[in-house]
Amino acid sequence: MSKGKRSSALDYRKKNRKKVYKTIFQIAFLLAVGFILFHALVDVEKYKEPDKATWTNRQGFIALSYFGVSRTGTPKLISKNQLNQQLKALKDQGYVTVSQNDILEFYNNGKGLPEKALFLSFEDGRNDSGLFAQPLLEKYNYKATFLSYANKVGNSERKFLQPSDMRKMMKTGYWEMGSNGYRLTYINIFDNNGGFIGVKDEGNLKHKEQIEYYNHYLMDFIRDSDMIPVEDRTEMEKRINQDYSLMKQIYTDKLGFVPNVYMIMHANALHKGMNRLVLDVNTKNIQELFKMHYNREGNVYNASNESLYDLTRVQPQPYWFTNHLLMKIHADTGESMKFVEGDTDRAKGWNVISGAAQFLDNRIALTSAPSDVGMLYLKNSDSYSDVQLTADFAGNVVGKQALYLRYDRKKGSYIRATLENNEIIVEQKEQGQLPERLLTRKLDDMSWKSEDLAFNKATIYSKLQTSSGGSTKDEYPTNIKNTRKIDVALQGNKLNVIIDNEPLLVNQIINSSIGAGGVALESKYNEQNKKDNIYDGVFDDVKVVAIGKDFKKQATLYNNSYEGLKKAVSIVKRSFNSTIDWVIETF
């Protein structure tokens, strides 16, 4: 055989091997997905009803509603692993889920609830929410309400669960059905340059990062570019009535009933400055069609004197670590919480000064107290004045993550490096003095996807507001994460600061009076996030070492980073997860 033919034969065999490997991977993936779907949607397990005769709580309950669940999480969807941690923590705190009928009996007939009662729900009608939440409901014997948009019920869109799936879910006893309304459509839209866009469905709304003013379909009159209504009262009422009529028709035809529970889009609108005529037509339809309405969002607790048509819930965000959720419940209810610590071996090197900390592999998630800070202090670190701290700051961009060197808690003196809203700030503080800035630098802009933006500013705006354009052109969304590599070293009276491998301060002279103190980490929310005054600082691969002359490393005081085999396994795992997520999104 000639050399050319042999080469051709080798290439042919390589191509065949690649095809075989690809086919094996695809078959394995499809089998895995098929198994999960079967487990989630077929009657594999049955919900076990609690003993309601022991329920004596007549004070109230908490309500949580997740927007959606995905395999590894997105800026808008919580990961199945994070959801598992949160549900486990709630179970460990003693929370028992209650049904829609339990809530109706509580308000209408004075029936008791469990001591710690939880109404759990999942919004938006996504099939991945049902897929990934089902095994967890089985694991903790939790019941939840699954909410859909009526115009997605029976339309065969693969992203949303369809009536046959919903009926199978209800048979297990773990699920009940609810509604978010007929559609997710925005009206009276203006961009951040004051340009009028009008009315758009969610799926047709492009360049969301440029949208500044808007409202939801049922929340107002439809208006023109001068914010003058283009419909009279009769036309407005006909339009809104039509949505509720379509809801009733679709749910009755496709499911055989109209769900008891409604969570209007958007929350916090009814009774809060809405046009009285629009409010009246909504209220009439809601009370005729549904038995209860979660009208508000932002507070987790519903007391016994609440109205069934003005209930409240909290929507935990995908970036919330477990302690963030527990901190929020504590703030709203006053109930004591046992915060999760995670890896106790990694945690024992630190003192929690304020807030709560969870140690997860190479990660420290430091949750602040509401409108206050979260702080960790490294034990015995005040014995070393010359140290270097390296870490990846990986929390949300909108928020404050900081490290302290030579932090003397009694004197209030320190060297501090803070990452806040994509800006690095380095300060020194002497005893009895105000902080002095040594460096302020806005870091390189980050990229983020328009579809990752979560709208949360719907309301009625004036013509003056819309024509003035936007105030958010230079703001980052509150749900966007980013990672910055931080390297701060302090030796004698010299300070080095390196961000993302770029030296920003080299041999910066600091005040000689700041000579003693330890190492600390800090987190705090930023006022831009008006809906959430709790913040999770995320510190990955934290390493603290004592240094000598010329910044040479000596003893390691703390090391939370992956090394060797663990680091290699972590890289492979991330790559595998990225591949699987891409396949799920693509196919």
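Brief remarks on what is shown
- A straight line joining the Cα centroids of region 377-408 and region 340-369 runs 14 Å.
- Helix 100-109 vs. the chain, principal-axis angle (Cα, 0 to 90°, nearest 10): 70
- Summed residue charge, Cβ within 12 Å of Ala331's Cβ, Lys/Arg positive, Asp/Glu negative: -3
- Dipole magnitude of region 419-465 about its Cα centre (Cβ charges: Lys, Arg +1; Asp, Glu -1), debye to nearest 20: 280
- Near Glu420: Cβ cut-off under 10 Å, other residues only, Lys/Arg at +1 and Asp/Glu at -1. The net charge is +1.
- Separation of alpha-carbon centers, region 246-279 and region 288-317, rounded to whole Å: 13
- Charge-dipole axis of the chain as Lys and Arg at +1 and Asp and Glu at -1 on Cβ define it, positive-most pick from Ser307, Thr74, Gly125: Thr74
- Debye intensity ratio in log₁₀ form over the Cα atoms of region 160-291, taken at each q of 0.20 Å⁻¹: -1.20
- Length-normalised contact order for the chain - Cα pairs under 8 Å, 6+ apart - percent: 13
- Region 42-318 - Debye-derived log10 I(q)/I(0), Cα point model, q = 0.11, 0.16 Å⁻¹: -0.65, -1.34
- Bridge orientation summary for the chain: considering DSSP beta bridges with both residues in this region, about 75 percent are antiparallel.
- Rounded to 10°, Cα long-axis angle of helix 322-333 versus longest principal axis of the chain: 60
- By the helix-only formula, in which each DSSP H run with n ≥ 4 contributes -39500 (n - 2.57) and the sum is divided by residues, the chain has a 222 nm mean residue ellipticity of -9000 deg cm²/dmol.
- Debye, to nearest 20: dipole size of the chain, +1 on Lys, Arg Cβ, -1 on Asp, Glu Cβ: 2380
- Descending principal axes extents, region 46-202, alpha-carbon based, whole Å: 58, 31, 29
- Net charge of neighbours whose Cβ lies under 15 Å from the Cβ of Thr459, counting Lys and Arg as +1 and Asp and Glu as -1: +4
- Relative to one another, the C-alpha centroids of region 180-202 and region 87-108 are positioned 36 Å apart.
- Acute angle (nearest 10 degrees) that the helix 3-41 long axis makes with the longest principal axis of the chain, alpha-carbon atoms: 60
- Sparse-neighbourhood loop sites, trypsin sites (Lys or Arg not before Pro) in region 106-198 - DSSP loop, at most 12 other Cβ within 10 angstrom: Arg158, Lys159
- Normalising by residue count, the chain has a Cα convex hull of 213 Å³ per residue.
- Antiparallel bridge percentage (DSSP; both residues within region 42-318; nearest 5): 35
- Only lysine pairs 8 or more places apart or on separate chains count here, and in region 88-209 those with Cα atoms under 22 Å apart total 24.
All of the numbers you see were taken from the coordinates with simple rules; none came from a lab. This one's a predicted model, so the numbers in the text were calculated from it and none came from an experiment. Positions of Cβ are backbone-derived with ideal geometry, glycine not excepted, and every protein chain shown enters the neighbour counts.
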